Amino acid sequence: MIITQLTPADLKSAAKFCRINMRFDIMPDFLFKEKTFDDPDFDPELALLAKENDEIIGLMVGVIRNHKKIGKIGYIKLMAVKLSERRKGIASKLYEIIHERFVREGCERERILESHPNYFQPGLDPFYTEAICFVERMGFKKFNDTANMICNLVDQKFDTSKDEEKLLKEGILIKRAEKNDFERTMDFILSEFELWEEEVKNAFKNDPISIHIAIYNDNVVAFSAYDTNNLNTGWFGPMGTSPEMRGKSIGGVLLKRCLRDQQSQGHQFAIIPWVGPIPFYSHHCDAKVHRIFWRYEKVLN
């Protein structure tokens with residue numbers, strides 16, 4: 001077995017390897033590229049392949065994020081081992097190389113998969129039993145869990161015209177964001193939802209811009225976005241409303257406008273990841289809990 005760095009020439013074969021060996025997930029070529037080479041923090045020294053006779057038998061991709069509020073974190077962003085080659089120490093050897101780099105770079109902790117703003121899943125699906133055993137053997141501790149919900153877009157209607165008229169009478173304008181809304185939108189995000197800064201910036205890069213906003217007294221007071229991560233896969237979010245404006249159904253209207261857009265894109269389902277308020281999405285769009293993810297962390301000395 002040899003360990004090499006992932007290169008663009010490996011993209012198709014590595015994406016196919018993930019599709020075969022990550023049986024609860026999809027990994028088209030374009031998504032693998034987004035998760036690796038298109039990540040602004042991509043580091044080839046943290047993107048490793050294990051090969052035998054020029055065939056991929058293991059893959060592990062790490063990334064280092066320096067978050068403003070929570071410090072420098074090393075993430076194991078993707079990992080997979082060929083089914084027939086598991087329990088042979090392949091993942092351990094790949095992890096050892098990446099872990100040593102995390103330590104040298106001064107990471108304060110390590111986490112599994114949830115490498116926001118560009119992440120594949122918000123944690124580790126416990127149905128990947130071997131992966132659960134591996135990360136716990138490597139010293140990771142489960143500290144939380146979260147869920148993805150799924151919304152069936154096929155038969156639902158997301159007409160918000162009456163609700164928007166009612167909000168407008170209260171001085172609240174609902175609209176799709178335009179380029180000239182960027183500055184005031186980012187002011188709101190940095191004030192209320194700083195962790196979502198990069199994802200909201202991504203929404204403004206899309207055509208059409210994939211974020212809807214609520215404006216009150218010329219200020220953005222709420223937003224809802226889609227296609228900010230896992231692009232073209234039906235990924236919804238993030239969204240948020242200023243605390244003093246909650247309880248007016250603004251969030252429900254903004255949510256439905258985004259889901260209507262995703263409907264028009266031809267998606268049959270929308271994925272609502274990393275969900276906090278499950279009842280909110282169940283009420284407004286009949287979303288169902290779809291997958292559960294365990295969040296793991298290792299604190300580094």
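Every number here is computed from the coordinates shown, using simple stated rules; none is lab data. Please read these numbers as outputs of a predicted model, since none were measured by experiment. A quick note on method: Cβ atoms are made from the backbone with ideal geometry, for glycine too, and the neighbour counts reach across all protein chains shown.
Structure notes:
- Among the listed pairs Lys179/Lys201; Lys33/Lys142; Lys51/Lys82; Lys33/Lys77, those with a Cα-Cα distance over 18 Å are Lys33/Lys142.
- Charge dipole of the chain about the Cα centre (unit charges at C-beta), most positive-ward option of Val299, Ser92, Gln156: Ser92
- The stretch 143-200 shape via C-alpha gyration tensor axes, a/c threshold 1.5: oblate
- Packing rank of 167-179, 99-111, where each peptide gets the mean count of other beta carbons within 10 Å, highest leading: 99-111, 167-179
- Taking Cα centre as origin and charging only the Cβ of basic (Lys, Arg, +1) and acidic (Asp, Glu, -1) residues, the dipole magnitude of the chain rounds to 720 debye.
- Think of each Lys and Arg Cβ as +1 and each Asp and Glu Cβ as -1; about the Cα centre, that makes the dipole of the stretch 155-267 roughly 400 debye.
- Footprinting exposure proxy ranking of Ile2, Ile112, fewest other C-beta atoms within 10 angstrom first, gives Ile2, Ile112.
- Dipole magnitude of the stretch 27-81 about its Cα centre (Cβ charges: Lys, Arg +1; Asp, Glu -1), debye to nearest 20: 520 debye
- Taking the Kirkwood radius as Rh and the Cα radius of gyration as Rg, the chain has a ratio of Rg/Rh equal to 1.00.
- Shape call, the stretch 155-267: gyration tensor on alpha carbons, a/c limit 1.5: oblate
- In summary, the aspartates and glutamates within cross-link reach of Lys157, defined as a Cα separation below 19 angstrom excluding same-chain residues under 8 places away, comprise Glu165, Asp261, Asp286.
- Rounded to the nearest 10 degrees, the angle from helix 11-21 to the longest Cα principal axis of the chain is 90 degrees.
- Considering only Gly266, Gly234, Met138, the residue lying farthest towards the positive end of the dipole of the chain is Met138, judged by Cα position with unit charges set on Cβ.
- Of the peptides 67-75, 117-125, 131-139, the order by per-residue mean of other Cβ atoms within 10 Å, starting with the highest, comes out as 117-125, 131-139, 67-75.
- Only one residue of Val200, Cys285, Ile174 has its Cα farthest out toward the positive end of the dipole of the chain, where Lys and Arg carry +1 and Asp and Glu -1 on Cβ, and that residue is Cys285.
- Mean separation of Cα contacts under 8 Å, 6 or more apart, over the residue count of the chain: relative contact order %: 20 percent
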